[in-house]
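The values are calculated or read from the model by the stated rules, or taken from the named source; none is laboratory data. Everything quoted here is computed from the prediction, not taken from an experiment. For accessibility, only protein heavy atoms count, side chains too; no ligands or nucleic acids. Shrake-Rupley method; radii C 1.70, N 1.55, O 1.52, S 1.80 Å.
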Amino acid sequence: NIHILNHDGTLNYNGDPQPVGNWPGDNTAYRMTVTGPGTRGAFQAAFSAIAAVIRPEDLLFIHTNDHGAGPGDGVPDYCLCTYGSTGWVPYYVNDFISDLGVLPHFENLIVMMEQCRSGGFVDPIVNNSPATWIHVAAAVKASDYSDGGWYFDPFAEDWIASMAGYYPDGTGLTLVADTNNDGRISATEGFVYA
């Protein structure tokens with residue numbers, strides 16, 4: 001039950017090298033299979049597919065990455081910039097909330113958003129989620145831009161590394177992520193680490 005939405009529905013992205021081959025970090029093949037393009041329509045299709053199989057006791061994890069915008073950028077509301085054949089297409093926070101609303105009630109929702117202005121999504125998701133327990137980790141406040149990186153955006157890399165216990169290159173964590181020493185990393189601890 002994993003849906004990976006990327007660019008035009010392939011491993012492609014805006015930038016070089018093209019065509020996309022192995023991951024440049026260690027020249028290994030990409031392990032995740034892209035299941036659709038990074039568009040609102042593909043998000044809607046993924047939410048519909050999830051709605052058909054999610055159970056009341058389930059956890060749903062949503063990770064968004066790359067570009068976002070907000071009112072300070074010439075758009076009327078906060079948005080995730082999605083793929084369009086002629087440029088970015090805004091996927092506004094209210095549209096995201098509406099699309100999330102097709103899901104039935106379930107137990108846990110964890111959302112990790114790396115894009116610029118991602119903080120503009122936090123309260124709308126928390127206030128409108130069909131989940132009992134909700135955790136939203138945003139890389140930046142609604143008024144800020146997030147940092148980019150060559151292979152990974154730093155917030156996303158650190159959050160994921162805290163959950164895995166190591167970085168993609170195999171090095172260990174640079175700080176203690178399990179701050180309450182219970183042997184597990186919570187979403188909150190991952191956020192603090194990132």
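Before anything else, pin down the relative contact order of region 120-172: Cα pairs under 8 Å, at least 6 apart, normalised by residue count, whole percent.
22 percent
Calculate what fraction, in whole %, of the accessible area of region 100-194 sits on carbon and sulfur atoms when a 1.4 Å probe is rolled over the protein chains.
Ligands and nucleic acids excluded, carbon and sulfur reach 55 percent.
Of Y83, Y145, Y13, which is the most mobile in a GNM of the chain whose springs link Cα atoms less than 10 angstrom apart?
In this elastic network of the chain, the residue with the biggest mean-square fluctuation among Y83, Y145, Y13 is Y13.
Residue-wise, which Karplus ³J(HN,Hα) couplings in Hz belong to region 61-68, taking 6.51 cos²θ - 1.76 cosθ + 1.60, θ = phi - 60°, and x for glycine or proline?
10, 10, 10, 10, 8, 4, 9, x
Compute the accessible area per residue over the chain, keeping the other protein chains in place, probe 1.4 Å, unit Å².
Each residue of the chain exposes 56 Å² on average to a 1.4 Å probe.
Amide H neighbours of T82 under 5 Å, at least 5 residues apart or on other chains, H built in the peptide plane: list them.
Here the answer is V89, Y91, since their amide H atoms fall under 5 Å of that of T82.
Identify which of the listed values of percent of Cα pairs over 21 Å apart was calculated from the structure shown: (1) 55; (2) 74; (3) 51.
(1)
Amide H of T64 versus every other amide H placed in the peptide plane: which residues, excluding those fewer than 5 positions away on the same chain, fall under 5 Å?
Hits under the 5 Å cutoff: M112, M113, E114.
By DSSP, what percent of the beta bridges with both residues in the chain are antiparallel, rounded to the nearest 5?
Antiparallel bridges: around 35 percent, rounded to the nearest 5.
Using amide H atoms built 1.01 Å from N in the peptide plane, name the residues 5+ places from G9, or on other chains, whose amide H lies under 5 Å from its own.
Residues meeting the amide H criterion: G38.
Based solely on its DSSP helices, what 222 nm [θ] is calculated for the chain when runs of n ≥ 4 H residues each add -39,500 (n - 2.57) and the sum is averaged over all residues, nearest 500 deg cm²/dmol?
Rounded to the nearest 500, it is -7000 deg cm²/dmol.
Relative contact order for the chain: what percent, with Cα pairs under 8 Å and sequence separation of 6 or more?
Reported relative contact order: 16 percent.
Across region 25-34, in residue order, what do the Karplus-derived ³J(HN,Hα) couplings come to in whole Hz, using 6.51 cos²θ - 1.76 cosθ + 1.60 with θ = phi - 60° and x for Gly and Pro?
Rounded to whole hertz, the list is x, 9, 6, 9, 5, 5, 9, 8, 9, 5.
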